[in-house]
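Student: The structure under discussion is supplied below as structure tokens; questions concerning it will follow.
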Amino acid sequence: MSQESSQAAAARAPHRVVVIVDANSNPFELGCATEVFGLRRPELGRDLYEFGLCSPEPHTLMRDGFFTLTGVAGIDAADSADTLIVPNRPDIEVPRRPAVLDAVRRAHARGARLVGFCSGAFTLAEAGVLEGRRATAHWQWADDFRTRFPGVRLEPDVLFVDDGDILTAAGSAAALDLGLYLVRRDHGAEVANAVSRRLVFAAHRDGGQRQFVERPVPDVPDESLAPVLAWARERLDSPLTVPGLAAHAALSPATLHRRFQAQLGTTPLAWLTAERLALACRLIERGVAPFETVARRSGLGSTANLRALMRRDTGLTPSAYRRRFGPAPV
């Protein structure tokens, strides 16, 4: 084969995703990775990824002894990964195997993308690749993580964190959020939406798919705010005000403010702005144009305001966001 043919073949080679499975790993996250990256996609006319599993042992006992995994490649298969998903497991106090940590370090050194689901952040931190970096982990382990790895900038209030070549998901189900986000980043919004439909899983979970949102909107424990939130979400393009929200909720502005702080951890104005920005992002992802229309329909008013808020909260301009997450050009 000529050099040109070899280069063309390499260019067509699918992105290789490898999952390391270690003793007591969680089957759920393994299943999420398999569903997102490992299944064939005949409806798309092509396979998105080349997928494989590897383990430091020929027989790997999964979490709580549910079953034993056999027949997967050895740990050296991690050295061929373009994206390496590291093992996660509930026994966070038990150190990871040196062979696993060495594989993670080698992958990081050669520029592979690293992904940690749930407690996988502990694996990445033990390998030393998260020092000075942003990451997330399951909320119940946040204090343990901060104590053990003070050099990592933990963000416990998000579904996942994208720190460039290292990405982490907060909990088990957030593995699907992060997986779909990676598909969208690699192949565009249209392909990611097709994968999410096959999974029967929302491509964007409200309040959390803003991996760009540092504090997703939590469930409302007190139903007293739920009606006014639903009412406001249906009128984001209207000139809503905090006194207007308070009047609709039959509360004083001061009482509304206290309830927002107590139940949502934010102010009414900040919540309203975040909802409008989330709507603007969804409109851009759907291909709505021009940006003046996006700003008007989301209630942000002007393209200047849209641009300022998107740069502040996502780090991207509207044009850059559309290039990354908008529909594929026809």
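Student: Which of Cys32, Cys54 has the fewest other C-beta atoms within 10 Å, and how do the rest follow up to the most? Write down the numbers at each step before the final one.
Tutor: Values: Cys32 27, Cys54 23.
Neighbour counts put them in this order, fewest first: Cys54, Cys32.
Student: Using the Kirkwood radius over Cα pairs, work out the Stokes-Einstein diffusion coefficient for the chain at 20 °C and 1.002 mPa s, in µm²/s as a whole number.
Tutor: On the way: Rh = 21.6 Å.
Result for D is 99 µm²/s.
Student: How large are Rg and Dmax for the range 226-325 when only the alpha carbon atoms are used, in Å?
Tutor: Looking at the range 226-325, its Cα Rg and Dmax stand at 14.3, 43 Å.
Student: Starting from the exponent 0.38 and prefactor 2.2 Å, build the expected Rg for the range 127-193 from its residue count and divide its actual Cα Rg by it.
Tutor: For the range 127-193, the normalised Cα radius of gyration comes out at 1.18.
Student: Summing -39500 (n - 2.57) over the DSSP H runs of n ≥ 4 in the chain and dividing by its residue number, what mean residue ellipticity at 222 nm do you reach, to the nearest 500 deg cm²/dmol?
Tutor: On the way: 14 runs with 141 residues, N = 330.
Estimated from H runs of four or more residues: -12500 deg cm²/dmol.
Student: Continuing with this model, one more query. Of the beta bridges DSSP finds with both residues in the chain, what % are antiparallel, to the nearest 5? If you can, show how the numbers build up before the last one.
Tutor: Numbers: 6 of 27 bridges.
If we restrict to bridges inside the chain, about 20 percent are antiparallel.
Student: A further question follows. Could you state, as a whole-number percent, how many of the C-alpha pairs of the range 104-155 are farther apart than 14 Å? All intermediate terms of the calculation are to be shown ahead of the outcome.
Tutor: Values: 605 of 1326 pairs.
So the pairs more than 14 Å apart make up 46 percent of the total in the range 104-155.
Student: To continue, here is another question. Within 10 Å of each residue's Cβ, count the other Cβ atoms and sort Thr266, Thr255 from fewest upward. Provide the component values of the computation, followed by the final result.
Tutor: Numbers: Thr266 16, Thr255 13.
The most exposed by this proxy come first: Thr255, Thr266.
Student: Would you mind computing, in nm to one decimal, how far apart the modelled labels at Phe66 and Thr241 are, each placed 7 Å from Cα along Cα→Cβ?
Tutor: Going from the Phe66 label point to the Thr241 one covers 5.4 nm.
Student: Compute the helix-to-body angle for 189-199: its Cα long axis versus the longest principal axis of the chain, expressed 0 to 90° and rounded to tens.
Tutor: 80
Student: I'd like the GluC sites (Glu not before Pro) in the range 13-106 restricted to DSSP loop residues with at most 10 other Cβ atoms within 10 Å, sorted by number.
Tutor: Counting only loop positions with at most 10 other Cβ atoms within 10 Å, the GluC sites (Glu not before Pro) in the range 13-106 are Glu93.
Student: At 7 Å along Cα-to-Cβ for each site, give me the label-to-label distance between Leu199 and Glu131 in nm.
Tutor: Label-label distance for Leu199 and Glu131, simple model: 3.3 nm.
Student: Sort Thr293, Thr147 so that the residue with the fewest other Cβ atoms within 10 Å of its own Cβ comes first and the one with the most comes last. Spell out each step's value before the answer.
Tutor: On the way: Thr293 12, Thr147 8.
Lowest to highest Cβ neighbour count: Thr147, Thr293.
Student: Can I get the semi-axes of the range 52-131's equivalent ellipsoid? Compute them from the C-alpha gyration tensor as square roots of 5 times the eigenvalues, in angstrom, largest first. Intermediate values should be presented prior to the final figure.
Tutor: On the way: eigenvalues 76, 51, 20 Å².
The three semi-axes for the range 52-131 are 20, 16, 10 Å.
Student: Just how large is the dipole of the range 3-199 about the Cα centre, in debye to the nearest 20, putting +1 at every Lys and Arg Cβ and -1 at every Asp and Glu Cβ? Don't skip to the end; give the middle numbers.
Tutor: Numbers: 22 positive and 27 negative charges, 61 e Å.
It works out to roughly 300 debye.
Student: Could you work out the Kirkwood radius for the range 3-199, taking every pair of different alpha carbons, averaging 1/r and inverting it, reported in Å? Don't skip to the answer; put the middle values down first.
Tutor: Numbers: mean 1/r = 0.0589 Å⁻¹.
Kirkwood hydrodynamic radius for the range 3-199: 17.0 Å.
Readers should treat all values here as calculations from the given coordinates under stated rules, not as data from a laboratory. Quick caveat, the model's predicted, so the values are computed rather than measured. FYI the Cβ positions are ideal-geometry reconstructions off the backbone, even for glycines, and counts take in every protein chain you see.
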